[in-house]
Each structure stands twice: as structure tokens, then as C-alpha cells.
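> Got a structure for you, written out below as C-alpha cells; questions coming shortly.
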Amino acid sequence: LLVPRVGAQTAELIGWPIALVIVFVTGWALARWIGLRDTPSLLRLGVMWAVLTLIFEIGVGLARGLSREEIWDAINPASGGLMIYSLVAMLLAPLVSWHVRRATFRS
């Protein structure tokens, strides 16, 4: 939607924070339903989300015909890639969302 209007790099810079908000809002909304309440369990869930996201993104990249170097550039922040930050956000989302939800409903 954005790429034709602003270009791929700008679209990625706009879309990344929007995706981040979606991940954290989803985590916040589902935190109670997930039923995990301790840090190790929440981090294990985050690792699972991050690994599944990485597998999905690599699969989509390969399906689109991207080379391994192009996929690595999307992951590598030194090349301007933001995917590593997305993976860190996925890793921390369940833990942060749980604590935010707990704090929200405590007051």
C-alpha cells in the first residue's frame, strides 16, 4: 500500500512501528488468556514467536525470489535492516504485555 507512494525504505520505516504496536496490543489483549504468568514462560513464548517470525520472513523472502544476501540485509541492522529489532520485540512482547496488563488492571 505504501511502497508505490513513498518507496520501499520509507514504507518499511513507517510500517515497522505500526507492526510493533500491533504486536504489543495483541500481546496485551491476550496476556490473560495465554495464562502464562512467570518470566521464564513468557520469555519462552517470546522466543517461539521470534523464531516463527524469522522462519516466516525467510520463507516469504525466498518465495519472492530474494537471495540469501538480500534476506541477510533485511535482518542486519548494519545494512539498514529492521528485522532484528522486530525479532527482539517479538521476544519481549509477551513479557512486557503481561506486565503492562497487570499494572493497568491493578490500579
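The values are calculated or read from the model by the stated rules, or taken from the named source; none is laboratory data. What you see is a predicted model, and the numbers here were worked out from it, not measured in a lab. Cβ coordinates were reconstructed from backbone atoms using ideal geometry, including for glycine residues, and neighbour counts include every protein chain displayed. SASA here: full protein model, heavy atoms, side chains in, ligands and nucleic acids out. Shrake-Rupley method; radii C 1.70, N 1.55, O 1.52, S 1.80 Å.
> Among Trp98, Trp28, Trp72, Trp16, which is the only one that is part of a helix (DSSP H, G or I), open to solvent by 80 Å² or more (accessible area, probe 1.4 Å) and at pLDDT below 90?
The match here is Trp28.
> Okay, moving on. Hey, could you check the stretch 31-45 for residues that are without any contact (Cβ under 8 Å) to a residue 60 or more places away in the chain and open to solvent by 50 Å² or more (accessible area, probe 1.4 Å) and say which is farthest from Leu92 (Cα to Cα)?
Trp33
> In this structure, is Phe24 of a type in the set (A, V, I, L, M, F, W, C), under 20 Å from Leu91 (Cβ atoms) and in contact (Cβ under 8 Å) with a residue 12 or more places away in the chain?
Answer is yes for this residue.
> Of all residues in the stretch 75-89, which are part of a helix (DSSP H, G or I), open to solvent by less than 40 Å² (accessible area, probe 1.4 Å) and under 17 Å from Gly61 (Cβ atoms)? Quick ask: steps written out before the conclusion?
As a first pass, look at the stretch 75-89 and keep what is part of a helix (DSSP H, G or I): 75, 77-79, 83-89.
Among the residues that remain, those that are also open to solvent by less than 40 Å² (accessible area, probe 1.4 Å) are: 75, 83, 86-87, 89.
Correct list: Ile75, Met83, Ser86, Leu87.
> Go through the stretch 31-54 residue by residue and tally those that are within 17 Å of Trp98 (Cβ to Cβ) and in contact with a helix residue (DSSP H, G or I) (Cβ under 8 Å, 6 or more places away or on another chain).
The number of residues fulfilling the criteria is 13.
> Please specify each residue of the stretch 48-67 satisfying the condition of being within 16 Å of Thr26 (Cα to Cα) and either surrounded by 14 or more Cβ atoms within 10 Å (Cβ to Cβ) or among the acidic types (Asp, Glu) (or both).
Those that are within 16 Å of Thr26 (Cα to Cα) and either surrounded by 14 or more Cβ atoms within 10 Å (Cβ to Cβ) or among the acidic types (Asp, Glu) (or both): Trp49, Ala50, Thr53.
> Among the residues that make up the stretch 63-76, is at least one of them closer than 18 Å to Pro17 by Cα and under 14 Å from the mean Cα position of the chain (by Cα)?
Within the stretch 63-76, one or more residues are closer than 18 Å to Pro17 by Cα and under 14 Å from the mean Cα position of the chain (by Cα).
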